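Structure first, then comments.
Values quoted throughout were computed directly from the atomic coordinates according to the rules given, and no laboratory measurement underlies them. This one's a predicted model, so the numbers in the text were calculated from it and none came from an experiment. Positions of Cβ are generated from backbone atoms using ideal geometry, with glycine treated the same way; all protein chains shown enter the neighbour counts.
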Amino acid sequence: MKCPPTKPPMKPTCEAIIDLFPDPFVIIDRNFQIVSANQKYKDHYDVGHDEVVGKHCYEISHRIDRPCSQNGEHCPLEEVVATGKSTTVMHIHYSHDHEEHVQISAAPIHDDQGNVLYMGETMHPLPNVSDIDRLLVGRSSSILRLISILHRVAPTNSTVFLLGESGVGKDCAARYVHQHSERNNGPFVVVDCGALGESLIESELFGYEKGAFTGADRKKEGLFEAANKGTLFIDEVGELPLQLQTKLLRVLETGTIRRIGGTEYIKVDVRIIAATNRDPQEMLKSKHFREDLYYRLSAFPVKVPTLRERKEDIPTLAEFFLLQIDEGDIQIPLSPEVIEKLLSYSYPGNVRELRNVVERAVILAAGSPIMPDFIVFENEENDAQTPVFIASEVNFPTSKSSSRLTKAQVLDAINQCGGHRSKAAQMLGVSERTIYRHLKNS
């Protein structure tokens, strides 16, 4: 008796294959239309099959009516079509009405002639580890590039060299790298070389043995040992004396330190992140920085952008600072006139200066809404000079103002903009986070 012939196994469909992918994945054609999406993508953006296929990708993830390149973001599809190569970018998407950072890995799908026909796009949503991350959140292309670079280097053990002006947030960038690394359960230790004298820097970094010098009545572990299994952030590394630069280079090359007055080398497992606000090339020319140390540190240099390079992030940063200040939360949202004035300044002191401006405004407002007169900048002719307030020159509030943005105004603006929240935020002169806060509480 012969067995009946077996049917050949069915070939898996495209949907069945991409459903195996662990992250949200979508296939997009050259017109930005979604051809196919896996279940992870549908679940992440809370949409069904009929709500995805045939829709434009920017409608689902960005909730806007135009390609992301027209919204000030780098468009992976346009780059893939132009170059025929894969790319990785950082975007801001909206999932369940929440703003999130997403790292996108995009790859071309070619036809038989080698032309880019479609693009496969994988999304890696990044968790919000802490408020430190929020200082790096923004819509500007420069801050998104920074986050993408930091996210790539964070899982490695590479030394990171952060470059940028004073006040740009190099410390926040360093914490971001630590928190997104495999060392995030270990210590994050900071040493500011610009705030310590030469003798203190050495003893702080390397520690000392009992009797190493007058007053050393006990053994002390240094910051390298304190940062073991974690990260040591050396801020203003350009202020290190040349002698200590030599010792730092030895640590980077050997992974060992020797306490002052000690004879034994101690093994330490520490990742180094260094930072400076000075021009490294100028330091090299002036012989204030060792060339071999510079090349050892600069294996992965990262420039942190100035605030004037990402001024569109000022409203979001201002709201973040308000939430950190006593009674600052009642000032949210800021009026369009206040935001306009905040945007009019160049901020030579960068993010740190913006925080000072916001804090002063809260103090001057004395519980009433912040008015443009309460936004007081540093002396633009002498950026180092702190403003001195004279009572006759400041219009202090005498009564509570009611010129706050209302929920009704927000809803009316959204209706006028056809339901597009980003347009409504621009029309009202507030951040999109303010729009979402009003909608959530309505």
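3J(HN,Hα) along the stretch 55-60, derived from phi through the Karplus expression 6.51 cos²θ - 1.76 cosθ + 1.60 where θ = phi - 60°, amounts to 7, 6, 4, 5, 5, 7 Hz, with x in place of Gly and Pro.
Note on 278, 310: ascending count of other Cβ atoms within 10 Å places them as 278, 310, the fewest first. Can you tell which of 178, 164, 197 lies farthest toward the positive end of the dipole of the stretch 156-205, using +1 and -1 charges on the Cβ of basic and acidic side chains (Lys, Arg; Asp, Glu)? About the Cα centre, the residue reaching furthest to the positive side is 178.
List the pairs from 247/267; 229/267; 11/42; 170/267 whose alpha-carbon separation is above 21 Å, in the order I gave them. From the list (247/267; 229/267; 11/42; 170/267), the Cα-Cα distance tops 21 Å for 11/42; 170/267. The Kirkwood radius of the stretch 200-247, taken over pairs of alpha-carbon atoms, gives through the Stokes-Einstein law at 37 °C and 0.692 mPa s a diffusion coefficient of 279 µm² s⁻¹.
Remark: the stretch 133-303 is approximated by an ellipsoid whose semi-axes, taken from the C-alpha gyration tensor as √(5λ), come to 28, 18, 14 Å, largest first.
Annotation note: chymotrypsin sites (Phe, Trp or Tyr not before Pro) in the stretch 199-256 located in DSSP loop regions with a Cβ neighbour count of at most 13 within 10 Å are 213. Highest mean first, the peptides 265-276, 22-33 sorted by other C-beta atoms within 10 Å per residue fall in the order 265-276, 22-33. Using the average count of surrounding beta-carbon atoms within 10 Å as a protection proxy, the listed peptides 243-251, 44-52 rank, highest first, as 243-251, 44-52.
Under a 5 Å amide H cut-off, with hydrogens placed 1.01 Å from N, residue 118 pairs with 109 among residues at least 5 apart or on other chains. Contact order for the stretch 133-303, expressed relative to its length and based on alpha carbon pairs under 8 Å spaced 6+ residues apart, stands at 30 percent. Does anything in the stretch 164-191 have its amide N under 16 Å from the 7 Å Cα→Cβ label point of residue 269, and if so which residues? Once the point is set 7 Å along Cα→Cβ of residue 269, 181-188 turn out to lie under 16 Å by backbone N, inside the stretch 164-191.
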